[in-house]
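Have a look at the structure below, then the notes.
The values are calculated or read from the model by the stated rules, or taken from the named source; none is laboratory data. Computed from a prediction, not measured in an experiment: that's the story for all the values here. Note: ideal-geometry Cβ built from the backbone for every residue, glycine included; neighbour counts use all protein chains shown. We work out accessible area using only protein heavy atoms, side chains counted, and drop any ligands, DNA or RNA first. Shrake-Rupley method; radii C 1.70, N 1.55, O 1.52, S 1.80 Å.
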Amino acid sequence: MSGILYLVATPIGNLEDITFRAIKILKEVDLIAAEDTRHTLKLLNHYEITKPLISYHRHNEDIKVEGLIEKLKEGKNIALVSDAGTPVISDPGEVIVKVAIEENIQVVPIPGACALINALITSGLDTKEFSFYGFISINKKLRKEKLEEIKKENRTIILYEAPHKILSTLNDLESILESRKVIVARELTKIHEEFIRGTVTEILEKYKEPKGEHIIIIEGNPIKQDTDEKQKINEMTVEEHYKYYEKQGFSKNEIIKKIAKDKGVTKNEIYQIFIK
Ligand code: SAM
């Protein structure tokens with residue numbers, strides 16, 4: 001019988017943020033696949049866990065998967081951990097999880113810390129719906145596209161960012177966010193844990209030399225796209241309204257029907273206006 005692939009969450013700073021179950025699993029598995037074996041060793045030493053460690057990081061993910069899947073098929077249990085928090089979330093693991101599922105290997109999550117969730121719950125912003133963007137690309141075109149998406153996004157937005165890029169990302173956000181609320185959650189669970197709140201401009205004014213790890217949480221755009229569109233249509237004359245749908249390729253009959261619906265009147269009333 002195949003072994004189990006455990007996805008084990010580890011602390012995001014404070015070493016005490018790990019569950020009893022995570023420690024038990026790390027003690028019981030045959031092998032631990034870690035993003036950075038030296039980093040994970042510190043955690044294992046802290047909890048007096050001695051287990052064979054194998055490196056599994058973004059740059060060797062494809063190569064390592066085959067060997068790890070082989071071991072799982074031989075019946076070995078493997079724990080996958082990343083440097084911090086929940087593996088697979090902006091961290092290596094996606095490949096092995098997909099292959100394990102294809103190979104009918106059981107994949108079990110061992111829950112624990114995840115930076116984005118902890119930043120979100122302390123943000124004071126809407127938590128009912130949110131959109132996680134991870135790290136936004138540094139490629140100019142892709143970055144511009146993402147910023148456009150963020151500008152329109154109605155749900156609370158969560159971004160991860162590397163320490164040396166946080167200021168440039170905040171600067172890019174300044175041009176699209178206007179007065180939206182922003183929270184920079186810094187060094188969560190660590191000694192210098194801090195939440196910087198305000199508009200992006202206010203944050204940039206008080207935050208000149210960022211240090212440590214950061215998450216950016218942004219209030220969703222309060223203006224819904226379709227509301228914008230509706231308002232635009234409401235302000236049009238019937239002629240403008242006609243041209244608006246004509247440009248979209250609708251037939252004369254369809255346009256009359258649509259205008260009548262938008263204005264909440266009968267088709268006949270719209271015909272009468274045109275006849276006049
Ligand atoms: N898998 C991790 C998780 O569950 O959150 C995230 C890994 S991702 C490579 C690292 C990014 O997460 C950092 O650049 C930062 O944006 C965020 N992060 C991780 N730990 C953090 C902390 N203690 N405080 C603030 N942000 C943190």
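Checked against the criterion of being within 16 Å of the ligand (Cβ to nearest atom), open to solvent by 70 Å² or more (accessible area, probe 1.4 Å) and aliphatic (A, V, I, L, M), the candidates 191, 215, 196 yield just one match: 191. The residue list 120, 68, 72 contains one member that is closer than 23 Å to residue 28 by Cα and touching a Phe, Trp or Tyr at 6+ places or on another chain (Cβ under 8 Å), which is 68.
Does the stretch 90-112 contain any residue that is outside any loop (DSSP other than H, G, I, E, B), under 16 Å from the mean Cα position of the chain (by Cα), among the acidic types (Asp, Glu) and not assigned by TED's automatic domain parsing to the domain that holds residue 215? Yes. Output the residues belonging to the stretch 78-88 that are on the phi < 0 side of the Ramachandran plot and either part of a loop (DSSP other than H, G, I, E, B) or within 13 Å of the ligand (Cβ to nearest atom) (or both). The answer is 80, 81, 82, 83, 84, 86, 87. The set of residues in the stretch 159-187 being touching a residue at least 60 places away in the same chain (Cβ under 8 Å) and aliphatic (A, V, I, L, M) consists of 183, 185. The sole residue among 125, 147 that is in a helix (DSSP H, G or I) and within 17 Å of the chain's Cα centre (by Cα) is 147.
Residue check: residue 85 meets all listed conditions (1) out of contact with any Asp or Glu (no Cβ under 9 Å at 6 or more places or on another chain); (2) at pLDDT 95 or above; (3) closer than 24 Å to residue 160 by Cβ but one, namely (1).
For the stretch 225-246, does any single residue satisfy the condition of being within 16 Å of the ligand (Cβ to nearest atom), open to solvent by 30 Å² or more (accessible area, probe 1.4 Å) and more than 20 Å from residue 156 (Cβ to Cβ)? No: the stretch 225-246 contains no residue that is within 16 Å of the ligand (Cβ to nearest atom), open to solvent by 30 Å² or more (accessible area, probe 1.4 Å) and more than 20 Å from residue 156 (Cβ to Cβ).
Right, residue 119: within 30 Å of residue 5 (Cα to Cα), aliphatic (A, V, I, L, M) and in a loop (DSSP other than H, G, I, E, B) or not? No, not satisfied.
Checking 206, 243, 230, 247 one by one, the residue that is in the same structural domain as residue 156 (by TED's automatic domain parsing) and of a type outside the set (A, V, I, L, M, F, W, C) is 206 and no other.
There is no residue in the stretch 172-182 that is within 14 Å of the ligand (Cβ to nearest atom) and either in a strand (DSSP E or B) or under 17 Å from residue 115 (Cβ atoms) (or both).
Got at least one residue in the stretch 62-77 being within 16 Å of the ligand (Cβ to nearest atom), touching a residue at least 24 places away in the same chain (Cβ under 8 Å) and either among the charged types (D, E, K, R) or in a loop (DSSP other than H, G, I, E, B) (or both)? No, the stretch 62-77 contains no residue that is within 16 Å of the ligand (Cβ to nearest atom), touching a residue at least 24 places away in the same chain (Cβ under 8 Å) and either among the charged types (D, E, K, R) or in a loop (DSSP other than H, G, I, E, B) (or both).
Taking first residues from the stretch 92-118 that are modelled with pLDDT of 95 or more and of a type in the set (Asp, Glu) and partners that are assigned to a strand (DSSP E or B) and within 15 Å of the ligand (Cβ to nearest atom), no Cβ contact under 7 Å between residues at least 6 apart in sequence or on separate chains turns up. Scanning the stretch 89-140 for residues that are open to solvent by 30 Å² or more (accessible area, probe 1.4 Å), among the polar types (S, T, N, Q), within 15 Å of the ligand (Cβ to nearest atom) and under 14 Å from residue 217 (Cβ atoms) turns up 118, 122.
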